[in-house]
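Reading through the structure tokens given below for one structure.
Bear in mind these aren't lab numbers, they're just calculated from the coordinates by the rules spelled out. Here the structure is a predicted model, which means the values were calculated and not measured. All Cβ positions, even for glycine, are placed from backbone atoms using ideal geometry, and neighbour counts span all protein chains on display.
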Amino acid sequence: MNTFVKHKWHEILIAIGALIFVILVSAADLLNLGEQTGAGHITLANDAYLADAAKEGLKETLLLGEVGALFEVLSSTDIGIELIVSVDVQAGGVLSSLTRALEWAVAASMSATIGAHALKFVNAIADQVSANIVIALAWAVIAWMILRIVPAARTVRRMARSIAEVLAVLFVISYLIIPYSINLTGWLSQTVSGSLDPDTETIVETFHGATFTDGGLQTDLGYWTRGKNVKSAYENVTNELPDKVSTLMSYTVQKFAHLLIVGVLFPLGVLLMLAVLGRRLVGMMIKELETQLDLKSPSPKAGNKASA
């Protein structure tokens, strides 16, 4: 018995330590690892950044939606007939190019808003899942150590080790890599926004103001159901039409480019790079631990020679 404990005390200590960890975490309700370890500020910072991004995207979508509603009224059947008669037989064609540009702008704004909400959900899920994964990892380590202590097939021990390694990688990804990838995305987004022309950040507000406020138009769509107001609205909307179309297309291109690079390619690239690095580091640590434990444990052949 003394010889057994002498050769297996490392495995016993690791198993006991993992078991104590599980008991303490369960008893003290320490499942919110972010608050307990001080890493929660990253998750909170990510949540604040993504909430602001989603709010800004929704605001721009609503502003563009008001302009789009005006276009729909101007292009409607009844008012459109009066418009063609009183203003221009090319009225529908004139509005179509601006309407298409507006539709693309709304799609870009909605995509950015949806992307911000998606990352916000990923951020929250990673924060919650990491606590459960670390508990499962502790139990996997306990099982692995037990299988090293008691006589067990090498295949079974390798399987237990592989499960522990996979859970360790998942924990690193959910607890460290995902939050820091989102945090870096926020930093890049703010850096890119800060380097742009100030007018670029207010394209939607400027366009909305040019359509309604500057032209003295009302956002109350009931006002546009009266035919006598259609002519002034049409003239204001189609004023400097090429500039308005160019403005909307510029906004659309910038939004989609920002979404693709900052919202998709950059976070996925960082996540993939850190995940590969984390997997290799965890694999090296697990392998080194197993090597050290094997060195301190006698092989079956050595045990047979000693008994002989």
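May I ask you to order 269-277, 117-125 by the average number of other C-beta atoms within 10 Å around their residues, highest value first? Please report the intermediate quantities before stating the final value.
Working: 269-277: 14.6, 117-125: 16.3.
So the peptides 269-277, 117-125, ranked by packing, come out 117-125, 269-277.
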TODO: Using a cut-off of under 15 Å, list every residue of segment 118-160 whose amide N is near the label point 7 Å from the Cα of residue 264 along the Cα-to-beta-carbon line.
DONE: 118-119
Open item on the list: Can you give the local net charge around residue 49? Use residues other than it whose beta-carbon is closer than 12 angstrom to its beta-carbon, Lys and Arg +1, Asp and Glu -1.
Closed with: -1
TODO: Mind sorting 11, 72 by how few other Cβ atoms lie within 10 Å of their own Cβ, fewest first?
DONE: 72, 11
Open item on the list: Can you work out the Karplus-derived ³J(HN,Hα) for every residue in segment 259-276? Use 6.51 cos²θ - 1.76 cosθ + 1.60 with θ = phi - 60°, whole Hz, and x for glycine or proline.
Closed with: 5, 5, 7, 7, x, 10, 5, 5, x, 5, x, 5, 4, 5, 5, 5, 5, 5
Open item on the list: Could you give each residue of segment 116-133 its phi-based ³J(HN,Hα) in whole Hz, using Karplus coefficients 6.51, -1.76, 1.60 with θ = phi - 60°, and x for Gly or Pro?
Closed with: 5, 5, 4, 5, 5, 5, 4, 4, 5, 5, 4, 5, 6, 6, 4, 5, 5, 5
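Based on other C-beta atoms within 10 Å, arrange 104, 144 from fewest to most. Please list the in-between numbers first.
Details: 104 17, 144 28.
The order, fewest Cβ neighbours first, is 104, 144.
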